[in-house]
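Here's the structure we're looking at; comments come further down.
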Amino acid sequence: MRISALADRTGVPVATIKYYLREGLLPPGEPTSRTQATYGDEHVDRVRLVRAMTESAGLSLAAVRDVLSALDDPPRSRHDLLGAAQHALVADEARSDGEVDDAVRRRVDALVAARGWYDDAALAGRLAALLRDAERAGVPVGDEHLAVLADAAELVARADLATVPDAPADAARQVVVGTLLTDPVLVVLRRFAQQQASARRAGGGQGAV
């Protein structure tokens, strides 16, 4: 198919597809002349994937390249696949985190140790920055609240990993892309649950918080 047909199938403008090509996010098509090329189903999948990561997951181009690299040359273990997804997302989010107080960092380290979680410096730093920002905004996350959130996170993590297929290529896509694109789903579900919990506490039925 020509680039115009690729745009029609994906719903992505031709100008955006050309941008993906220039940035190396989309592999070149099969040349048919000096200025034209044809594209296949693999290009359709890649265009949709890049668009989802930039628009739905909100990743920068640098982070998208990291994810695509992990997909094109996936690590051997599922654990390493998950690390590739998290590295792309956390590195993108942490660009403006700044310094974190030692007390906040020690609190995060204690949580990680108590849970027996993997000691990931990037994730610990990001969590510490988020807790710091919440405290600065006047809505600190107390220890009990944080423990409940951690319990929920462990439950979600087990559900996530239960969906990973056995085939290496499929596993790479599910772990890397699924992790990135289901984060916003979890946020929306939390909003729904907050509304329901608030309505129950108020003694009513449906309704916003």
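None of the figures in this text is laboratory data; all of them are computed from the coordinates on show. The structure displayed is predicted, hence computed values, not measured ones. Cβ placement follows ideal geometry from the backbone for every residue including glycine, while neighbour counts extend to all protein chains displayed.
Dipole size of the chain about its Cα centre, with +1 on Lys/Arg Cβ and -1 on Asp/Glu Cβ: approximately 660 debye, rounded to the nearest 20. Summarising the label geometry, the points placed 7 Å from Cα in the beta-carbon direction at A197 and D72 lie 4.3 nm from one another. Look at the dipole of the chain built from charges on Cβ: of A152, P31, G98, the Cα furthest out on the positive end belongs to P31.
Give me the angle, in degrees from 0 to 90, between the Cα long axis of helix 41-51 and the longest principal axis of the Cα atoms of the chain, rounded to the nearest 10. Long axis of 41-51 versus the principal axis of the chain: about 40 degrees. Rounding to the nearest 10 and keeping the result within 0 to 90°, find how far the Cα-based axis of helix 143-162 lies from the longest principal axis of the chain. Rounded to the nearest ten degrees, it is 30.
For the chain, the longest principal axis of the C-alpha atoms and the axis of helix 168-202 are separated by about 40°. A full extension of the chain between M1 and A162 corresponds to an added length of 54.2 nm, given 0.36 nm per residue minus the alpha carbon distance. On the beta carbon distance between E135 and E23, with R0 = 41 Å, the FRET formula returns roughly 0.60.
Helical content alone sets the calculated 222 nm signal of the chain at -22500 deg cm²/dmol, taking -39,500 (n - 2.57) per DSSP H segment of four or more residues and averaging over every residue. For Cα extents along the principal axes in Å, the candidate list reads (1) 65, 35, 22; (2) 66, 37, 30; (3) 64, 42, 36; the entry that matches the value derived from this model is (3). With 0.36 nm allotted per residue and the present C-alpha distance subtracted, the A150-R48 stretch has 33.5 nm of extension available. Between R65 and R34, the simple label model (points 7 Å from Cα in the Cβ direction) yields a spacing of 3.0 nm.
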